[in-house]
Amino acid sequence: MENKKEMRTWLDDMNLDHPLVIAGPCSAETEEQVLRIAHELKDTDVNYYRAGIWKPRTRPGNFEGVGALGLKWLQKVKEETGMKTCTEVANAAHVKLALEYDVDLLWIGARSTVSPFIMQEIADALQGTDKIVLVKNPVNPDLSLWLGGIERLYSAGIKNLGAIHRGFSTYEKSKYRNIPEWQLAIEFQNRFPDLPLINDPSHITGNRDMILEVSQTALDLNFDGLMIETHFDPENAWSDAAQQVTPSSLIQIMKDLRIRKESDPEAEYNKDLNNLRAQIDVVDNQIIDLLGKRMKVADGIGLLKKEKNVAVLQNKRWNEILGKMVLEGDERGLSEEFILKMFKAIHQESINHQEKIINK
Ligand code: PEP
Ligand code: MN
């Protein structure tokens, strides 16, 4: 990840001495609300003021946004506070209006990124714009859809691009509203190392008490900025009430965040780091080696089962192994979530090996 960016981007041109901060309410509710929050954020490190005016709601009956009327309020924000503004666009008509009203940054929401038709429609409408356009990850953990969305915009000649990681929906019980699946965001960074990547802890957590913790993880993973929903009266917000923070909590969060450098030229540090990395490489090789050995044993089991015509999957034994490994893992400081994920993957690979042998 060193020297991540080789190309200068719109974000480098801002010459910030801190990560980019986008803040403002989930939804624009009234003109007074929009302006009041903007004034409270005006003299802080916030770089862009957000407010959703077209709100994609999963179920009908919830507040669906004030619509185009909100564009006038955002214009007023610019006039009165000098802040740059941003909002979500979800179709060609939104794009046309947002450009007409000179919104500075547009983002594409998670429910739009899932649809290649919508992404293409938005890309066509944005053709050649020099506005900043950020693409949120799709609601489902599908890296290709996210990459594809970016590629469609790039092909439409949009150069000031970036992405927002807002987590992924899941059936599994979780402390998050949308599980972060950090490895997907890291993979995204690897694919597009020059693209600014912003984290959205509000939609990941769904809970204002967890915003600081998730923001810190994002900064530790080299994210370039944060988008944090902010409202003067979060409890009574018309949408996403549980996750919004007040302007004063936002300021506190920004103070509490430890901003880490991407690297340090100091020789001693680099020596220590290289040494630790070499140790990691050794252990990683051992892990691969052990997994290979484990699969050889699984092949042996497959042969035995084949001889006796016994089913590959033995649920009882598998549940016993899992229970034991969760306990063993706990003793070594490994989380239950990790152990379950890892052993499910190992088990699946064993089954694949045995299937191959049995059906040979
Ligand atoms: C939002 O930012 O208010 C929003 C609706 O986000 P997402 O598309 O990530 O759900
Ligand atoms: Mn929201």
Item to complete: All but one of (1) polar (S, T, N, Q); (2) more than 16 Å from ligand 1 (Cβ to nearest atom); (3) assigned to a helix (DSSP H, G or I) hold for SER202, so report the exception by its number.
Response: (2)
Worksheet item: With GLN286, GLN183, GLN189, GLN243 as the choices, which residue is open to solvent by less than 90 Å² (accessible area, probe 1.4 Å) and either out of contact with any helix residue (DSSP H, G or I) (no Cβ under 7 Å at 6 or more places or on another chain) or farther than 30 Å from PRO25 by Cβ (or both)?
Response: GLN189
Worksheet entry | Scan of the range 253-277 for residues that are among the small types (Gly, Ala, Ser) and surrounded by 10 or more Cβ atoms within 10 Å (Cβ to Cβ), ordered by number | SER263
Discussion item. Return the residues of the range 112-149 that are within 16 Å of ligand 1 (Cβ to nearest atom) and more than 14 Å from the chain's Cα centre (by Cα); say none if nothing qualifies.
Written reply: SER112, VAL114, SER115, ILE118, MET119, ILE122, ILE132, VAL133, GLY149
Practice prompt. Read through the list (1) over 24 Å from ALA92 (Cβ atoms); (2) open to solvent by less than 10 Å² (accessible area, probe 1.4 Å); (3) over 14 Å from the mean Cα position of the chain (by Cα), then give the number of the only condition that ALA156 fails.
Written response: (1)
Practice prompt. Please name all residue pairs, on different chains or six or more residues apart, with Cβ atoms under 6 Å, provided the first residue is in the range 92-118 and is touching a residue at least 40 places away in the same chain (Cβ under 8 Å) and the second residue is open to solvent by 50 Å² or more (accessible area, probe 1.4 Å).
Written response: ASP104/LYS84
Item to complete: Please list, ordered by first then second residue, the pairs with beta carbon atoms under 6 Å, 6 or more apart or interchain, first in the range 122-134 and in the same structural domain as ASP200 (by TED's automatic domain parsing), second polar (S, T, N, Q).
Response: ILE132/ASN160
Discussion item. For the range 98-134, which positions are more than 25 Å from ASP13 (Cα to Cα), in a helix (DSSP H, G or I), open to solvent by less than 50 Å² (accessible area, probe 1.4 Å) and away from ligand 2 (no atom under 16 Å from the Cβ)?
Written reply: ILE118, MET119, ILE122, ALA125
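Looking at LYS55, LYS78, which is the one that is crowded, with 17+ Cβ neighbours inside 10 Å and modelled with pLDDT under 95? Give the steps one after another, and end with the answer.
Details: LYS78 fails: modelled with pLDDT under 95.
The unique qualifying residue is LYS55.
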Item to complete: For TYR171, work out the one condition from (1) among the aromatic types (Phe, Trp, Tyr); (2) touching a Leu at 6+ places or on another chain (Cβ under 7 Å); (3) at pLDDT below 95 it doesn't fulfil.
Response: (2)
Practice prompt. Enumerate the pairs (first residue in the range 210-233 and in the same structural domain as GLU187 (by TED's automatic domain parsing); second residue anywhere and of a type in the set (Lys, Arg) and within 14 Å of ligand 1 (Cβ to nearest atom)) with beta-carbon separation below 7 Å, excluding pairs fewer than 6 apart on the same chain, so at least 6 apart or on different chains.
Written response: MET227/ARG50
Worksheet entry | Residues within the range 220-234 that are over 27 Å from PHE188 (Cα atoms) and in contact with an Asp or Glu (Cβ under 6 Å, 6 or more places away or on another chain), tallied | 0
Fill in: Complete set of residues in the range 339-360 that are open to solvent by less than 100 Å² (accessible area, probe 1.4 Å) and over 23 Å from LEU304 (Cβ atoms)
ILE339, LEU340, MET342, ALA345
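Going by the structure shown, is GLU64 acidic (Asp, Glu), in contact with a Lys or Arg (Cβ under 9 Å, 6 or more places away or on another chain) and part of a loop (DSSP other than H, G, I, E, B)?
Details: acidic (Asp, Glu): yes; in contact with a Lys or Arg (Cβ under 9 Å, 6 or more places away or on another chain): yes; part of a loop (DSSP other than H, G, I, E, B): yes.
Here the answer is yes, as GLU64 does meet what is asked.
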Item to complete: Spot the failing condition for ALA241; the list is (1) free of Cβ contacts under 8 Å to residues at least 24 places away in the same chain; (2) away from ligand 1 (no atom under 16 Å from the Cβ); (3) farther than 21 Å from MET14 by Cα, and only one is missed.
Response: (2)
Worksheet item: Mind checking which pairs have a first residue in the range 321-348 that is over 19 Å from ILE288 (Cβ atoms) and a second that is in a helix (DSSP H, G or I) and open to solvent by 70 Å² or more (accessible area, probe 1.4 Å), Cβ under 6 Å, 6 or more apart or different chains?
Response: VAL326/GLU336
Worksheet, complete the sentence: ASN15 passes all but one of the listed conditions (1) touching a helix residue (DSSP H, G or I) at 6+ places or on another chain (Cβ under 7 Å); (2) farther than 16 Å from MET227 by Cα; (3) among the polar types (S, T, N, Q); the exception is number (1)
Discussion item. Anything in the range 301-338 that is open to solvent by 40 Å² or more (accessible area, probe 1.4 Å) and either assigned by TED's automatic domain parsing to the domain that holds GLU172 or part of a loop (DSSP other than H, G, I, E, B) (or both)? List them, or say none.
Written reply: ASN309, VAL310, ALA311, LEU313, GLN314, ARG332, GLY333, LEU334, SER335
Worksheet item: Among the residues of the range 90-104, is there at least one that is under 21 Å from VAL214 (Cβ atoms), touching a strand residue (DSSP E or B) at 6+ places or on another chain (Cβ under 8 Å) and at pLDDT 95 or above?
Response: no
Worksheet item: Which of the residues belonging to the range 29-44 are among the β-branched types (Val, Ile, Thr) and touching a residue at least 60 places away in the same chain (Cβ under 8 Å)?
Response: ILE37, THR44
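The values are calculated or read from the model by the stated rules, or taken from the named source; none is laboratory data. Owing to the predicted nature of the structure, the values given are computational and were not obtained by experimental measurement. We place every Cβ from the backbone using ideal geometry, glycine too, and count neighbours over all the protein chains shown. The accessibility values were calculated without ligands, DNA or RNA, using every heavy atom of the protein model including side chains. Shrake-Rupley method; radii C 1.70, N 1.55, O 1.52, S 1.80 Å.
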